[in-house]
Amino acid sequence: MAIAPGVLLTQVALAKPADQPVSSANRWGMLIDTNKCAKGCDACVRGCETENGWGTNETRSAENQTAQWIRKVELRDKSTGFAQSLPLMCQHCEHPPCVDVCPTGASFKRADGIVLVDKHICIGCRYCMMACPYKARSFIHEDLQDQLPVAPRGKGTVESCTLCVHRVDKDGDNALPACAEACNSEGHEAFVFGDLNNPDSRISQELAKHGGTQIRADLGLNVGIRYRGI
Amino acid sequence: MAVMVRKLRSLLLLVGMILSGLPLTAQSGTPLPEVPEATTRFSATQGCVEPTAEMRKNHMKMILHKRDQTMHEGIRTPQHSLEECINCHVPDDDSGKIVRIDSKEHFCNSCHSYAGVSIDCFQCHADRPVKDIRTRSTAAAVNSSVAVRALWPAWPSRRAYF
């Protein structure tokens, strides 16, 4: 926001220098407009699979036990018949229950609000999966091959959406998680990614103008993924 | 008598070694691992991120430290990153040669198999430079499933326990 030529009231957020740690100055989040989310379209799910290498390399696990970092959920109001769909993934809570229950410290929240699993520490107990109200986490039951460098994954550990943390670390405010990118390339543009702490970011401005809903706001988790239209 | 038996035994051992084709230590020296050359340099001025002797001795400490920095603090610089080790030291699939972690030609395994040190990094991490899972050849996928299964045997079936 410029108040005079060359004088900025607030600094435009830039990507952090690569050698600096993430800080709580940022809180990354996403706003998903369910009115733009097309029923039957799963581009975001496919985009996430391609980016993070899940969905193809579990060959021996039962279908209901394979990893699912992001899923499409169909909602239908029984009284009116109004149907809508939305993508559901890790909601990157400010007070994540998965972190509360983790006995080893593997499930943790980064300073910038992204909730991750440190698989080096994870013992595969799956308490986090039980604690998560959004069913966002998956457990890997079998030896995997052909993982991608950006998303190491392996048997005996729990995993979930990382908010494409490798992209966020690289590009900061200009990053676009793979789900959002895939949605954009389908022309739906249902996702807005950005910094909830920065009042000038597009996500903050959209939330200030039109508001947003947290799924299960009653739990008081203050999630980073907000929805509009539900 | 005992001396004669001992002499005979050592003679037999020598003949046995020659017949079996084992290299005689005195002739060929200590066998050393054949460590493949890196495919690229880290930068124009540096071959590797640290001097070779330092890397040989302390690479595990460096990648462990970097691992925690990357995971918890989001520091993803190339220095000491496992991904960059692989990018320089293991040939890309596009080079026409697919080298997996179970191969003696894989940089990490060339030494670790020699030293008898088993590592589990590559149960999760990519063992070769990869950009997109979908761009891989089918041959690579077939090779890998056979090779990795041999390297990390599956748990015995449930029946074996009961």
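Being more than 16 Å from A:CYS161 (Cα to Cα), away from chain B (no Cβ under 14 Å) and of a type in the set (Ser, Thr, Tyr), is that true of even one residue in the stretch A:128-146? No, there is no match, as no residue in the stretch A:128-146 is more than 16 Å from A:CYS161 (Cα to Cα), away from chain B (no Cβ under 14 Å) and of a type in the set (Ser, Thr, Tyr).
Scan A:ARG153, A:ARG137, A:ARG110 and give me the residue that is buried (at least 21 other Cβ atoms within 10 Å of the Cβ) and more than 30 Å from A:GLY40 (Cα to Cα).
That would be A:ARG110, the only listed residue that is buried (at least 21 other Cβ atoms within 10 Å of the Cβ) and more than 30 Å from A:GLY40 (Cα to Cα).
Screening B:ALA154, B:ALA139, B:ALA160 for residues that are at pLDDT below 60, assigned to a loop (DSSP other than H, G, I, E, B) and small (Gly, Ala, Ser) leaves exactly one candidate, B:ALA154. A:THR80: in a loop (DSSP other than H, G, I, E, B), free of Cβ contacts under 8 Å to residues at least 12 places away in the same chain and not basic (Lys, Arg), yes or no? For A:THR80, the condition - in a loop (DSSP other than H, G, I, E, B), free of Cβ contacts under 8 Å to residues at least 12 places away in the same chain and not basic (Lys, Arg) - is met. Between B:GLU105, B:GLU84, the distinction of being more than 9 Å from every other protein chain (Cβ to nearest Cβ) and farther than 28 Å from A:VAL168 by Cα belongs to B:GLU105 only. Residues that are within 23 Å of A:LEU163 (Cα to Cα), within 14 Å of another protein chain (Cβ to nearest Cβ), surrounded by 17 or more Cβ atoms within 10 Å (Cβ to Cβ) and out of contact with any Leu (no Cβ under 9 Å at 6 or more places or on another chain) are absent from the stretch A:68-81 altogether. Out of A:ASP195, A:ASP200, A:ASP173, one residue alone is modelled with pLDDT of 95 or more and farther than 19 Å from A:VAL115 by Cβ. It is A:ASP200.
Let's see how each residue does on (1) modelled with pLDDT under 95; (2) touching a strand residue (DSSP E or B) at 6+ places or on another chain (Cβ under 6 Å); (3) part of a strand (DSSP E or B):
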{"site": "A:VAL12", "(1), (2), (3)": "yes, no, no"}
{"site": "A:LEU31", "(1), (2), (3)": "no, yes, yes"}
{"site": "A:LYS36", "(1), (2), (3)": "no, no, no"}
{"site": "A:LYS39", "(1), (2), (3)": "yes, yes, no"}
{"site": "A:GLY47", "(1), (2), (3)": "no, no, no"}
{"site": "A:ASN57", "(1), (2), (3)": "yes, no, no"}
{"site": "A:GLN68", "(1), (2), (3)": "no, yes, no"}
{"site": "A:VAL99", "(1), (2), (3)": "no, yes, no"}
{"site": "A:THR104", "(1), (2), (3)": "no, no, no"}
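With respect to the conditions (1) in contact (Cβ under 8 Å) with a residue 60 or more places away in the chain; (2) under 23 Å from A:ALA178 (Cα atoms), A:HIS95 falls short on a single one, namely (2).
Filtering the stretch B:84-136 to residues that are at pLDDT 90 or above, closer than 22 Å to A:GLU51 by Cβ, not polar (S, T, N, Q) and not in a loop (DSSP other than H, G, I, E, B) leaves B:GLU84, B:ILE86, B:CYS121, B:PHE122, B:CYS124.
The values are calculated or read from the model by the stated rules, or taken from the named source; none is laboratory data. Predicted model only: the values in this text are computed from it and were never measured. As a convention, Cβ positions derive from the backbone with ideal geometry for all residues, glycine included, and neighbour counts pool all protein chains shown.
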